[in-house]
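These notes are about the structure you will find just below.
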Amino acid sequence: NASASTNVGNSSHGTGCAGLIAAVANNGIGVAGVAYGAQWSEQAFGSASTNAYTFGFLNQVNVVKSNSWGPLDLGFFSTMTPMEKDALQDAVEFGRNGLGVVFTWACGNGRLASDRVEYDPYASNRRTIAVGGVDYWDLVSPFSEPGSSLMLVAPSDNASIGLTTTTSIALGGYTDYAGGTSSPAAIVSGVAALILEANPALNWREVQHALLCTARKCDSTSSGWSYNAAGFPIHYDYGFGAVDAGAAVTFAQSMTPLGPEYIIDRGVQTVGVTIPDNNGTGVT
């Protein structure tokens, strides 16, 4: 949908993500995207002002915004500007006629550099869906970042077996080696589009709820699984588990609306304890 796009130019990476989301099905050509009946658009990113503009761009048309970019995966904490934060919040609170734009975000590829999802201000924002990768054997991809901000995982590569999707014509039109956490974020974006096709009345929180309530427990023998206070299985490598498109769409069709969101602020709690640097024990 060119009328819903900003001026981006050519990107084989973007073309691959777009194919995973919305490549046309049943036409005898190439591959099919998750939400193969959806329209898609190009969106620019880069400077804080560009990002803020994109977050707020045509949010009655661009109802799911897939983001396969972020700060460098070097294990350092990053921040977003107030301009970006405000634009993201406005998109989620007022976009899509007040139901909220759904944002997905690649969790990052810096696992080997000890990077974590929490260090990324976009993927760790509670208004976005941070997505990691699992490989052909349903195990965490060797680059996929862990963290408490991780919500879901979806199929990716393991450096030897990847995903097939579209790419630039210069590279032959298709690739069998797509992966990273960019591809899982795109896949979950496609699932979010299917959820909203099944039930357009869902707000952004309800889309997240449908995804996590139907997530599949992968790598079930891992000792890293625990349960949160609401009784959901959670894992630093997998979030709530692997996305299940069929289960999520079925759940969304008959989903009971969530109640209002409550914000509880206890105020500043003065502890008066120094947190030591480079100390694995830390303080409690």
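So the values come out like this:
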{"item": "Over the chain, relative contact order from alpha-carbon pairs under 8 Å, at least 6 apart, %", "result": "17"}
{"item": "Loop GluC sites (Glu not before Pro), region 181-264 (other Cβ atoms within 10 Å of the site Cβ: 10 or fewer; DSSP)", "result": "E261"}
{"item": "Peptides ranked, highest mean first, by Cβ atoms within 10 Å: ranges 226-233, 126-133", "result": "126-133, 226-233"}
{"item": "Listed residues A35, S160, G9: farthest to the positive end of the dipole of the chain (Cβ charges)", "result": "A35"}
{"item": "Sequence ranges 25-36, 265-276, 7-18, ranked by mean other-Cβ count within 10 angstrom, highest first", "result": "7-18, 25-36, 265-276"}
{"item": "Theoretical ellipticity at 222 nm over the chain - DSSP helices of four or more residues, -39500 (n - 2.57) apiece, nearest 500", "result": "-7500 deg cm²/dmol"}
{"item": "Whole-percent carbon and sulfur share, accessible surface of the chain, 1.4 Å", "result": "55"}
{"item": "For region 139-284: accessible area per residue (Å², 1.4 Å)", "result": "54"}
{"item": "Per residue solvent-accessible surface (Å²) - region 5-47, probe of 1.4 Å", "result": "58"}
{"item": "Mean Cβ neighbour count within 10 Å, used as a protection proxy, ranking 251-259, 109-117, 213-221 highest first", "result": "109-117, 213-221, 251-259"}
{"item": "Value of relative contact order over region 39-98, rounded to a whole percent, pairs C-alpha under 8 Å and six or more apart", "result": "47"}
{"item": "Cα gyration tensor category, rounded, prolate or oblate, for the chain with a/c compared to 1.5", "result": "rounded"}
{"item": "For region 94-245, with +1 on Lys and Arg beta carbons and -1 on Asp and Glu, the positive-most of G231, A215, A185 along the dipole", "result": "G231"}
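The values are calculated or read from the model by the stated rules, or taken from the named source; none is laboratory data. Given the structure is predicted, the values throughout are model-derived calculations rather than measurements. Glycine also receives a Cβ, built like all others from the backbone with ideal geometry; neighbour counts cover every protein chain displayed. Ligands, DNA and RNA are stripped out before the accessible areas are found, and what is left, the full protein with its side chains, is counted by its heavy atoms. Shrake-Rupley method; radii C 1.70, N 1.55, O 1.52, S 1.80 Å.
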